[in-house]
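What follows is a set of notes on a single structure, which appears directly below.
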Amino acid sequence: MSQSNVNLLNLPDEILLLILKKLNNIDVLYSFIDVNNDHLNSLALEKIFSDTLNFVSIDNVSAIDQQKFDRFCKVILPKIHENVKCFILEPLSMKCILLAAEYSNLTERKLFNFTQYVGLNYFTTHNRSYPSLSLCDSPSISFSSATLSYLSINVSTFDDCLYLLDGRLKQLSTLIVQIYKTSKSSSVIPITDNLPNLKCFSLTCYFLFDIYDEHILPLLHRMTYLEKLTLYLCIKIRDRFIDCFHLQNEILLYMPRLHLFTFYISTYDRAADLFCFVPRQDIQRIDANIGHEKYMANMINYISIDETVFSIFSLPFAFHRIRAVGNIFPDIVFKYVTILVVHDIVPFNHEFFLRVSRSFSLLQTLHVVNLILQSSCDINSLLSNDSQSCSIAKYPHLTTFNVRRGNINNVEEFLNETKTSAPCLTKLMIKYSDLRIVTNNFTREETRHN
């Protein structure tokens, strides 16, 4: 160590701190923390050097700056994380810095050089599974707005949806709601009788519920100024299926200004006398209020001996998931569907899965519910290496396959590479006994790849 350095280190700490304060605090931290000098290391750990950290200046691509940045993330930030109160960041540095440690006292972040495109990538998620909010028992004064016009929100129950329409959001023109629970709805929530500002309404619930006639339909009847309506509903315990006549007479008739109606509505019921109300399984047309025709399709499917599902939906199909598709479904392309449940008491054959692969080309998750074993196929035939020549059902995007409620033929269908190609499959949910049989104790050649 040189004489000048010795003299510098012999100065009182107060003088050394005054000198170090004249320097860039990033340089002080980088130069003196963890450099085999306890005195300098102790001084550099003072809070004055780490309460505000500006990383904008070291976010270049030169080798030395990258080396400095890496050392900060791996060594320095974990040592000073409790001192940090403010970060000044750019896009390239932000993620690594924020993940380097837990900053319990961080109260401020300043962001620079964020373009609109970069900002959207950082602060917008494409994950559909957002946590839901519960608004019940919250007084209107706890959240309200006189200017909010657009709201997309996931809520716990239908009551939460009603609370949003009780007058606390007076200028709301677009409301997009997804419901996560199917609990009974209250009848005491005050709803504004007239919703003149609401022009666009979307309601989605992927779970079965029985509040359609009692609560959802009356709410829709109040939306007389609506111009766009989207419904994804799965309804149980109803004395009639929701069909095109119901849509026309109970929904469209109440919305004279409606010009866009996008829907998927499934009705589940066990009542045998419903069958007399089932319309023809066909692509039909429904008269919209503005004078043009809206194409739609419907499906009827038997999911148990005494339970039937009737589904009706607008075309083109606009949603990313569909449930209870049976052996018979319209010969159309569901170009947005990534999650599919096929469910039928009639056994699925290879031709059915070929149709599925063609109609659902972007499929990522497939659930099979088909508990009845095909009568024309026995276990020994599954293990035969002399596979019958057939076309291959191709699922280029499929990552998840759930066949725990399927039969052994369904397992054979997907694991046999001469029948199915699923190159991206990473998650297989299956009964172990079926897996052993179909793969012949994991020795069968045709089942090695899928």
Inset, instruction - Working only within the range 97-131, note down all residues that are more than 29 Å from Val75 (Cβ to Cβ) and either of a type in the set (S, T, N, Q) or at pLDDT 85 or above (or both). - result: Thr115, Gln116, Thr124, Thr125, Asn127, Ser129
Legend entry - Residue count, the range 333-360 (criterion: part of a helix (DSSP H, G or I), hydrophobic (A, V, I, L, M, F, W, C) and within 19 Å of Tyr302 (Cα to Cα)): 3
Inset, instruction - Give the number of residues within the range 396-450 that are in a loop (DSSP other than H, G, I, E, B), farther than 19 Å from Ser361 by Cα, under 31 Å from the mean Cα position of the chain (by Cα) and of a type outside the set (D, E, K, R). - result: 5
Inset, instruction - Among residues belonging to the range 305-329 that are among the small types (Gly, Ala, Ser) and either modelled with pLDDT under 85 or buried (at least 17 other Cβ atoms within 10 Å of the Cβ) (or both), point out the one that is farthest from Asn249 (Cα to Cα). - result: Gly326
Inset, instruction - Scan the range 293-308 and report the pairs whose first residue is closer than 12 Å to Pro330 by Cβ and of a type in the set (A, V, I, L, M, F, W, C) and whose second residue is assigned to a strand (DSSP E or B) and at pLDDT below 85, with Cβ atoms within less than 6 Å and a gap of 6+ or a chain change. - result: Met296/Gln284; Met296/Ile286; Ala297/Ile283
Inset, instruction - Please work out if Leu164 is within 21 Å of Pro218 (Cβ to Cβ) and modelled with pLDDT of 85 or more. - result: yes
Legend entry - Of residues in the range 220-245 being in a helix (DSSP H, G or I) and surrounded by fewer than 18 Cβ atoms within 10 Å (Cβ to Cβ), the one modelled with the highest pLDDT: His221
Legend entry - Given (1) loosely packed, with under 14 Cβ neighbours inside 10 Å; (2) without any contact (Cβ under 8 Å) to a residue 40 or more places away in the chain, number of the condition Glu445 does not satisfy: (2)
Legend entry - the range 198-212: number of residues that are modelled with pLDDT under 95, part of a strand (DSSP E or B) and aromatic (Phe, Trp, Tyr): 3
Inset, instruction - Working carefully through the options Ile430, Ile392, find the one that is touching a strand residue (DSSP E or B) at 6+ places or on another chain (Cβ under 6 Å), modelled with pLDDT of 90 or more, of a type in the set (A, V, I, L, M, F, W, C) and over 26 Å from Ile303 (Cα atoms). - result: Ile392
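The values are calculated or read from the model by the stated rules, or taken from the named source; none is laboratory data. Every value quoted in this text rests on a predicted model; they were computed, and no experiment measured them. Every residue, glycine among them, receives a Cβ derived from its backbone with ideal geometry; neighbour counts consider all protein chains shown.
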